[in-house]
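Below is one structure, written out as structure tokens; the observations come after it.
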Amino acid sequence: MTLNRRTLTTAIAAASLGALLPAAALAQKKIVLGFSQVGAESEWRTANTESIKSAAKDAGIELKFSDAQQKQENQIKAIRSFIAQKVDVIAFSPVVESGWETVLREAKAAKIPVVLTDRSVNTKDDTLYVSFMGSDFIEEGRKAGRWLVEKMKDQKGEVNIVELQGTVGSAPAIDRKKGFEEIIKADPKFKIIRSQTGDFTRAKGKEVMEAFLKADGKKINVLYAHNDDMAIGAIQAIEEAGMKPAKDITIISIDAVKGAFEAMIAGKLNVSVECSPLLGPQLMSAVKDIKAGKTLPKRIVTEETIFPMEVAAQEFPKRKY
Ligand code: GYE
């Protein structure tokens with residue numbers, strides 16, 4: 001090959017580009033993810049936060065993390081600040097289902113993709129978010145209901161149930177109630193005699209259970225708690241009232257966190273329906289896919305099971321949260 005002027009310049013340009021490449025690669029910007037968390041209300045939430053933080057680190061994603069202390073207004077503020085900072089992707093776990101349209105439109109106008117994790121929103125316009133990843137809360141409620149129906153199948157008289165609901169207006173509180181009721185309504189012997197929110201916390205679970213016990217005491221056959229923390233708080237209230245949890249009152253809860261396994265092993269909780277908080281790795285791969293221009297499924301459902309107290313001791317060592 002004869003080296004004319006043109007090929008020579010091209011060769012020089014290619015060589016200098018090659019020299020520049022490693023530096024350019026080094027300087028490549030990290031993906032920035034803004035994440036607005038609900039709060040720190042439960043063992044589940046703590047595990048969820050930990051999963052998101054460690055997965056971001058492992059994935060080399062820069063995480064801007066904001067804790068809303070269970071207040072929607074704080075989440076809206078955080079999302080607006082992520083928009084102002086021009087993050088690459090916004091993810092959040094909406095504390096309640098409604099009231100997100102305005103801020104989601106602002107994110108859309110700024111062309112920042114939004115991923116919902118754990119809890120969903122009830123907007124009609126599903127172009128306002130890219131994907132929703134998390135559990136099927138209705139199905140969790142159904143699992144709780146099916147377990148109870150089976151456990152009480154030979155019971156002749158009425159089964160009086162008290163219910164500790166999660167945060168008012170939140171997707172898991174709405175759906176876990178719905179799924180449970182759908183199953184138990186098949187037999188009129190099942191009666192929810194009281195239902196109140198315990199806001200997903202131990203302290204509130206205990207407080208509300210105390211009130212239930214004061215009002216109905218020995219009439220109560222079953223406690224259905226929308227999460228383990230409220231059940232654990234309620235167990236204390238039951239013991240303080242001189243009754244035996246899991247014996248005098250059958251207790252069903254949701255999450256299957258370590259605290260629930262400890263209570264089951266101690267014979268104080270009958271069953272916990274699994275709800276996995278380990279959404280971090282899934283979220284980070286979704287963020288990378290979005291940046292790579294891939295299309296994500298609109299709904300990514302977490303696979304889960306149910307743990308009755310009989311298997312608790314054997315399962316406990318395998319639990320990751
Ligand atoms: O069950 C509860 C937490 O949204 C699935 O929130 C989550 C729920 C979880 O506070 O413990």
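The values are calculated or read from the model by the stated rules, or taken from the named source; none is laboratory data. Here the structure is a predicted model, which means the values were calculated and not measured. A quick note on method: Cβ atoms are made from the backbone with ideal geometry, for glycine too, and the neighbour counts reach across all protein chains shown. Just so you know, the surface numbers come from the protein's heavy atoms only, side chains and all, with ligands and any DNA or RNA stripped out. Shrake-Rupley method; radii C 1.70, N 1.55, O 1.52, S 1.80 Å.
Brief remarks follow.
- Principal-axis tilt of helix 202-216 within the chain, Cα atoms, nearest 10 degrees: 20
- Helix 5-27 and the longest principal axis of the C-alpha atoms of the chain enclose an angle of approximately 30°.
- Dipole-positive endmost among Gly205, Pro113, Ala263 within the chain (Cβ charges, Cα centre): Pro113
- Computed per residue of the chain from DSSP H runs no shorter than four, each worth -39500 (n - 2.57), the mean residue ellipticity at 222 nm is -14000 deg cm²/dmol.
- Distance from the C-alpha centroid of the stretch 218-272 to that of the stretch 26-49: 31 Å, rounded to the whole angstrom.
- Acute angle (nearest 10 degrees) that the helix 43-59 long axis makes with the longest principal axis of the chain, alpha-carbon atoms: 20
- Considering only Gln196, Gln165, Gln75, the Gaussian network model of the chain with Cα springs below 10 Å gives its largest mean-square fluctuation to Gln196.
- Restricted to Cα atoms, the chain shows a radius of gyration and a Dmax of 24.8, 100 angstrom.
- Of the accessible area of the chain, computed with a 1.4 Å probe over protein heavy atoms only, carbon and sulfur atoms account for 54 percent.
- Summing charges over all other residues whose Cβ lies under 15 Å from the Cβ of Glu181, with Lys and Arg as +1 and Asp and Glu as -1, gives +4.
- Trypsin sites (Lys or Arg not before Pro) restricted to DSSP loop in the stretch 112-203 with at most 10 other C-beta within 10 Å: Lys124, Lys153, Lys156
- Structure remark: mean-square fluctuation, Gaussian network model of the chain, C-alpha springs under 10 Å; the largest value among Val96, Val162, Val301 belongs to Val301.
- Here the Gaussian network model covers the chain, with springs between Cα atoms less than 10 Å apart; of Glu240, Glu50, Glu62, Glu240 fluctuates the most.
- Values of log10 I(q)/I(0), in the order q = 0.14, 0.16, 0.17 Å⁻¹, for the stretch 137-275 under a Debye, Cα-only, solvent-free model: -0.53, -0.71, -0.81
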